[in-house]
Amino acid sequence: MIGHSEKMARRSDHSREELYEMVMDTARTIVEQDGLRNLTARNIAAAIGYSPGTLYNLFENLDELIIHLNATTLDALYDALASVRRTGEPEMDLKAMLRVYLDFLEENTALWTAIFEFRSPGEDHIPDWYREKVGKLMGSVEEAIAPLFAEGQGAARQQAAGILWSSLHGVCTLAKDGRLCLISDQSMPQMAETLIVNFLAGLRSRIGMGPQNG
């Protein structure tokens with residue numbers, strides 16, 4: 001935790017906004033190179049040439065800093081998914097989003113993993129603005145499957161998006177841990193695409209839509 005007891009001399013070369021960006025950039029580099037375990041106030045401060053106590057002026061503690069870092073990863077993934085042109089055909093759109101998602105995971109493995117490695121002290125410590133970013137990301141999946149739902153089915157659509165996202169994340173996690181081969185001889189992309197196809201088929205069947213409507 002970043003504490004009040006730091007007595008080292010403090011620099012004042014940068015504005016608060018500049019310092020925030022420096023901290024985020026440095027934290028991102030540390031996680032990418034050495035993992036979340038090595039993300040400490042001292043390591044960040046040493047890299048940017050400030051005292052660890054300076055970070056306390058920006059964040060309440062290291063947990064809050066990590067939440068901000070993870071938020072930048074969520075934003076980056078959302079931007080990547082938002083670049084996918086929507087056709088209005090759920091299967092086509094989800095498969096296109098899947099390819100972008102898998103590319104993002106490959107390029108940002110450590111940062112994405114950090115989101116799930118981080119253990120918040122409790123639900124109350126997760127700020128509303130962070131939950132909104134997660135919701136915004138889930139919204140991109142909701143948008144892709146929206147053609148399968150009628151007006152007034154927002155809750156069902158939201159639930160379906162959450163289940164699909166969680167399932168895809170499970171497949172990707174098993175693959176990252178080298179355990180997917182114990183379950184299937186399909187590759188991770190193949191299994192993920194199969195999951196999408198079967199999930200959508202189940203949705204169509206449940207709400208009484210034929211394939212031609214999806």
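What do you reckon, is residue 114 small (Gly, Ala, Ser), in a helix (DSSP H, G or I) and touching a residue at least 12 places away in the same chain (Cβ under 8 Å)? Spelling it out, residue 114 is indeed small (Gly, Ala, Ser), in a helix (DSSP H, G or I) and touching a residue at least 12 places away in the same chain (Cβ under 8 Å).
Out of 164, 203, 195, one residue alone is part of a helix (DSSP H, G or I) and within 20 Å of residue 106 (Cβ to Cβ). It is 195.
Here is a yes/no grid of residues against (1) at pLDDT 95 or above; (2) closer than 28 Å to residue 189 by Cβ; (3) in a helix (DSSP H, G or I):
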{"residue": "66", "(1), (2), (3)": "yes, no, yes"}
{"residue": "70", "(1), (2), (3)": "yes, yes, yes"}
{"residue": "77", "(1), (2), (3)": "yes, yes, yes"}
{"residue": "96", "(1), (2), (3)": "yes, yes, yes"}
{"residue": "106", "(1), (2), (3)": "no, yes, yes"}
{"residue": "150", "(1), (2), (3)": "no, no, no"}
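Applying a threshold of 6 Å to beta carbon distances and a minimum spacing of six or more residues, or different chains, the list of pairs starting in the stretch 18-42 at a residue that is free of Cβ contacts under 8 Å to residues at least 24 places away in the same chain and ending at one that is open to solvent by less than 60 Å² (accessible area, probe 1.4 Å) and part of a loop (DSSP other than H, G, I, E, B) reads 30/39. Assessment of the stretch 99-116 against the conditions (in contact with a helix residue (DSSP H, G or I) (Cβ under 7 Å, 6 or more places away or on another chain) and farther than 28 Å from residue 64 by Cα) yields at least one matching residue. Among the numbered conditions (1) over 19 Å from residue 98 (Cβ atoms); (2) open to solvent by less than 30 Å² (accessible area, probe 1.4 Å), the only one that residue 206 does not meet is (2). Residues in the stretch 152-161 that are in a helix (DSSP H, G or I) and of a type outside the set (Lys, Arg): 154, 155, 156, 158, 159, 160, 161. Within the span defined as the stretch 167-177, every residue fails to be in contact with a helix residue (DSSP H, G or I) (Cβ under 9 Å, 6 or more places away or on another chain), of a type in the set (Lys, Arg) and at pLDDT 95 or above. For the stretch 61-118, filtering for residues that are open to solvent by 30 Å² or more (accessible area, probe 1.4 Å), among the charged types (D, E, K, R) and within 16 Å of residue 140 (Cα to Cα) leaves 8.
Got a number for residues in the stretch 124-134 being open to solvent by 40 Å² or more (accessible area, probe 1.4 Å) and either within 16 Å of residue 82 (Cβ to Cβ) or outside any helix (DSSP H, G or I) (or both)?
4
All conditions in (1) open to solvent by 40 Å² or more (accessible area, probe 1.4 Å); (2) of a type outside the set (A, V, I, L, M, F, W, C); (3) in contact with a Phe, Trp or Tyr (Cβ under 8 Å, 6 or more places away or on another chain) hold for residue 159, with the sole exception of (3).
Evaluating residue 142 against the criteria (1) in a helix (DSSP H, G or I); (2) more than 23 Å from residue 173 (Cβ to Cβ); (3) not aromatic (Phe, Trp, Tyr) leaves one unmet condition, (2).
The values are calculated or read from the model by the stated rules, or taken from the named source; none is laboratory data. Computed from a prediction, not measured in an experiment: that's the story for all the values here. Counting neighbours? That spans all protein chains shown, and the Cβs are built from the backbone with ideal geometry, glycine included. SASA here: full protein model, heavy atoms, side chains in, ligands and nucleic acids out. Shrake-Rupley method; radii C 1.70, N 1.55, O 1.52, S 1.80 Å.
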